[in-house]
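The values are calculated or read from the model by the stated rules, or taken from the named source; none is laboratory data. Fair warning: this is a prediction, and the values are worked out from it, not measured in the lab. In this analysis, Cβ positions are derived from the backbone assuming ideal geometry, glycine residues included, and neighbour counts consider all displayed protein chains.
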Amino acid sequence: MNIPFLKKKVEDPAKPKKKKSILREWLDAGIFAIVAATIIRTFFIEAYTIPTPSMEKSLLVNDFLFVSKMHYGPRLPMTPLSFPFVHHTMPIIGGKSYSESIKIPYKRIWGFSEIERYDDVVFNWPQDHENNRPVDKKENYIKRCVAIPGDTLEIRDRVLYINGQPGYKPRYQQFVYRVFMVPTGYDINPEMAEEMGIYNITNERNEPIPNYYSLTDEDLKKLQAIPNVVVQLNDTLGGQMRKGMVQSDCFPQDTAYHKWNQDNFGPIWIPKKGTTVNLTAENIALYRTVITEYEGHSLNDTRFPVLIDGKPAPTYTFAMDYYWMMGDNRHNSLDSRFWGFVPEDHIVGKAWFIWLSYDKNGIRWKRLLHRVKSLEK
């Protein structure tokens with residue numbers, strides 16, 4: 001029986017194949033580029049820009065970094081449905097750049113190393129509550145990880161101690177000082193300040209505050225060597241706060257048991273996965289956010305023992321590791337001293353190297369293509 005429509009169509013090899021249109025070729029190339037770039041950005045490296053002076057002068061505003069996802073292990077996307085190359089907000093039109101219809105639990109693939117003390121780390125800001133974003137869509141921050149899980153941290157008169165020993169002091173660590181000329185009390189000459197590479201700190205409207213500067217130890221020595229220049233630390237604006245002085249916005253915002261400030265803080269223990277602690281009236285404020293927001297339990301701490309998920313809980317075992325992040329520009333940094341621990345699922349990657357850097361005078365050529373660590377030495 002000969003049924004024509006069941007016959008297999010045989011293509012003529014001599015007949016040329018239909019050529020893709022230029023538009024189709026560009027479309028295919030564009031799709032491939034987007035997919036390839038997304039894979040690289042998710043699992044290998046991602047570009048990041050320094051937006052604030054909290055790490056000055058270790059990292060500068062308008063340093064453009066590559067952040068390595070490979071060092072600590074890439075984190076799988078937790079909200080995979082999102083617009084390519086956009087973090088959380090659509091450009092121009094505004095609005096969310098992602099959908100929460102699909103959510104994936106936190107999972108991190110194997111990496112080259114663990115987070116080490118004093119690494120420069122990019123992470124999602126834990127206290128980004130206002131916009132109610134998923135973890136991987138919270139604002140990106142960069143700070144120095146000064147304490148890892150299981151460490152005990154303390155700050156005494158501006159000096160960092162880890163496990164009872166003096167911690168690492170970054171070369172470009174800065175504090176705010178009041179600087180003025182005698183006998184006039186006027187600010188120093190702006191041209192002299194710019195030549196020294198120091199600038200007035202700014203207020204909330206980004207306006208310079210006369211007489212106040214963030215200074216490294218090297219800057220401090222240079223200024224102190226200039227006749228008729230006076231440098232003071234113990235001043236009300238950003239200056240050192242003595243032990244016992246209470247700074248109400250310091251973590252954990254519990255002034256009954258924790259009379260801490262940015263220059264005298266702790267001691268505080270950094271939670272470690274699998275470790276169990278007793279929950280008391282003295283320490284519940286330290287771990288309240290960990291239990292409820294980061295590890296997803298209900299908590300009733302109006303009496304002790306507290307109720308976790310409706311059951312009496314005299315102790316608590318941590319499900320994640322936590323880290324303590326601080327900026328090198330100590331008096332001009334919103335960091336763990338004000339919002340506490342950074343959970344492991346908020347870690348993005350390690351600041352690796354600078355591929356571009358510029359200021360008002362143009363490109364900072366000496367910073368280009370340098371590893372971050374090499375610039376801090």
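What the table below lists for this structure:
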| item | result |
| --- | --- |
| Long-range neighbours under 6 Å by Cβ, at least six apart or interchain, first residue at positive phi and in the same structural domain as S357 (by TED's automatic domain parsing) within the stretch 27-51, second surrounded by 12 or more Cβ atoms within 10 Å (Cβ to Cβ) and in a helix (DSSP H, G or I) | none |
| Yes/no for R178 being over 30 Å from I45 (Cβ atoms) and assigned to a strand (DSSP E or B) | yes |
| Any chance L356 is assigned to a loop (DSSP other than H, G, I, E, B) and either surrounded by fewer than 18 Cβ atoms within 10 Å (Cβ to Cβ) or touching an Asp or Glu at 6+ places or on another chain (Cβ under 8 Å) (or both) | no |
| Out of K57, K69, sole residue that is touching a Ser or Thr at 6+ places or on another chain (Cβ under 8 Å) and either more than 17 Å from K138 (Cβ to Cβ) or of a type in the set (G, A, S) (or both) | K57 |
| Odd one out for Y212, checked against (1) without any contact (Cβ under 8 Å) to a residue 40 or more places away in the chain; (2) surrounded by 15 or more Cβ atoms within 10 Å (Cβ to Cβ); (3) assigned to a loop (DSSP other than H, G, I, E, B); (4) not polar (S, T, N, Q) | (3) |
| Test: residue in the stretch 112-122 that is under 18 Å from the mean Cα position of the chain (by Cα), surrounded by 14 or more Cβ atoms within 10 Å (Cβ to Cβ) and within 20 Å of I39 (Cβ to Cβ) | yes |
| Matching residues, the stretch 128-170, being touching a residue at least 12 places away in the same chain (Cβ under 8 Å), of a type in the set (K, R) and closer than 25 Å to I268 by Cα | K143, R144, R156, R158 |
| Residue under evaluation P91, criteria (1) loosely packed, with under 14 Cβ neighbours inside 10 Å; (2) in contact with a helix residue (DSSP H, G or I) (Cβ under 7 Å, 6 or more places away or on another chain), criterion not met | (2) |
| Residues of the stretch 355-371 satisfying the condition of being in contact (Cβ under 8 Å) with a residue 60 or more places away in the chain, closer than 16 Å to P53 by Cβ and of a type outside the set (S, T, N, Q) | Y358, D359, R364, R367 |
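Every residue, every condition in (1) outside the structural domain of S54 (by TED's automatic domain parsing); (2) in contact (Cβ under 8 Å) with a residue 40 or more places away in the chain, yes or no:
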| residue | (1), (2) |
| --- | --- |
| F251 | yes, yes |
| F265 | yes, yes |
| N283 | yes, no |
| Y322 | no, yes |
